[in-house]
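The structure under discussion appears below in the form of structure tokens.
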Amino acid sequence: MNIFSSIVLALAFTTSPMDSIVQIASSSDDLETLVAAVSAADLVELLDGDQELTVLAPTDSAFAEIDKEVLAGLLQEPGTPTLRRILAHHVIEGSLDSSDIADRDSITTLAGTVLPVTATNDRIIIGDAVVSTADIKADNGMIHLIDRVLIPPAEESPLRRLLAGAVQKGVLFFNDGNPGACAAIYATAVEAVILGSGWGLTTEQSSALARARAEAAAISDPTDRAWAYRRIIDVLLSMQSDGASPVPSDERMIIDFSDSDERRRWQIVLDGVMGGLSTGNVVVQDGIMRFTGETSLDNNGGFSSIRRALPRGAFSGTDAIRMRVRGDGRTWIVGTRKARNMGGDSYWTRFDTIDGEWITVEVPIRGMERHYFGNRRPGSIDPDEVMAFEFYIYDKKAGPFSLEVDSIGGIVVNEEFEL
């Protein structure tokens with residue numbers, strides 16, 4: 001339906017010049033569920049007041065797409081806070097008609113969330129909803145009917161915000177070879193949780209946290225101390241149920257791509273060292289590392305790789321690598337090294353990718369095969385010995401390649417404290 005047609009439909013709403021948003025919605029046979037939801041969320045006064053607002057109004061058929069039991073739960077306690085946030089995700093400050101919205105790339109809602117806007121082929125798409133009827137004028141704003149209920153992103157808890165911020169800062173110091181500074185940042189965050197209130201921990205959990213913090217503080221080695229604090233933080237994060245993906249309690253982050261400076265830590269090594277003609281490029285952006293290029297079999301070539309040195313003990317206390325990657329359908333190699341220099345001695349495991357799909361790959365470290373300049377040799381590597389990390393495309397095929405990586409972690413085998 002184009003914008004002109006939707007405006008014509010808007011004229012079908014029988015309203016008077018003094019009708020408010022709530023009055024217009026209440027007079028419509030298509031917005032009965034929305035009216036009930038507004039009442040249940042105690043938002044009638046807001047939408048019936050003097051403040052000018054724009055409402056993206058899901059129709060009854062849009063609400064019908066939601067599971068009946070879920071919808072019933074939202075319409076009564078204890079679902080009211082969630083319902084209120086969902087509805088606020090549909091309300092914008094000010095009176096915006098369709099042309100105002102179409103001129104924007106995004107709009108900010110009363111929930112503090114941001115909805116992208118796309119205007120194409122005489123249609124306006126807000127989030128993933130299409131405006132089916134636009135520009136229904138009310139005395140205190142504007143109504144636009146949409147064809148689905150927009151679900152806001154999970155609201156981050158204060159505890160998750162504190163801990164995630166500490167991890168983001170601590171990782172920068174750890175990766176730059178300063179585990180002591182990293183441990184200090186983690187310790188401060190854990191101490192804030194212990195000394196503060198309102199984090200949702202029981203008395204028993206707070207006591208267990210204090211004991212774990214004391215044990216971590218007593219560790220003399222700064223690398224081990226940083227990891228001890230990190231495991232505490234990971235357990236706290238795994239307890240959060242605000243809808244965001246928790247950090248698994250048995251995994252710790254080794255390489256974090258949220259830092260754009262991570263790019264400079266990766267070295268590209270091509271078959272040009274032996275006369276080959278393969279190419280490679282690395283970009284770190286939006287929390288993802290992208291390794292792209294093209295392998296060539298000319299001049300006995302055929303490989304492209306990227307390599308990164310790691311702090312001492314990065315994988316200590318783990319038994320496997322856990323990575324989340326999106327590949328191109330080709331077979332890749334993940335490698336480790338016992339030294340930070342980029343000599344010919346490394347330990348490999350091959351893994352298959354699915355073209356265009358994110359997958360999680362787990363690689364036992366002690367099971368990695370030793371290779372010397374590509375030739376198999378006897379020997380193995382222990383997690384405590386890992387000092388460098390690498391990816392290879394070396395499948396004896398010519399053509400373009402692409403590998404995206406958004407996390408590299410180690411699976412922890414040491415017993416964790418429990419909250």
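Given the DSSP H assignment, sum -39500 (n - 2.57) over each helix run of at least 4 residues in the chain and divide by its residue total; what's the result at 222 nm in deg cm²/dmol, nearest 500?
Roughly -8500 deg cm²/dmol at 222 nm, from the helical runs in the chain.
Counting other beta carbons within 10 Å of each Cβ, put 223, 318 in order, fewest first.
Ordered from fewest to most neighbouring Cβ atoms within 10 Å, 223, 318 come out as 223, 318.
Would you list which aspartates and glutamates come within 15 Å of residue 338, measuring only between C-alpha atoms, while excluding same-chain residues fewer than 8 positions from it?
Cα-Cα hits under 15 Å: 369, 382, 384, 385, 390.
Only sites in a loop by DSSP and with at most 16 other Cβ atoms within 10 Å count here; which chymotrypsin sites (Phe, Trp or Tyr not before Pro) in region 285-376 make the cut?
Filter output for region 285-376: 373.
With helices defined as uninterrupted DSSP H runs, which ones in the chain have an alpha carbon span along their own long axis of at least 18 Å and mean Kyte-Doolittle hydropathy of at least -1.0?
158-175, 179-195, 203-217, 222-238
What is the percent of Cα-Cα separations in region 158-249 that go past 18 Å?
For region 158-249, the fraction of Cα-Cα distances above 18 Å is 40 percent.
If you take the C-alpha gyration tensor of region 3-146, multiply each eigenvalue by 5 and take the square root, what semi-axes do you get, largest first, in whole Å?
22, 17, 15
For volume of the Cα convex hull per residue in Å³, the listed values are (1) 584; (2) 173; (3) 158; which was obtained by calculation from the structure presented?
Among (1) 584; (2) 173; (3) 158, the one calculated here is (2).
Counting only C-alpha contacts under 8 Å and six or more residues apart, can you give the relative contact order of the chain as a whole percent?
Value for the chain: 13 percent.
Read the figures in this text as sums done on the coordinates, not as results from a lab. Please read these numbers as outputs of a predicted model, since none were measured by experiment. Heads up, the Cβs are rebuilt from the backbone with ideal geometry, glycines too, and the neighbour counts pull from every protein chain shown.
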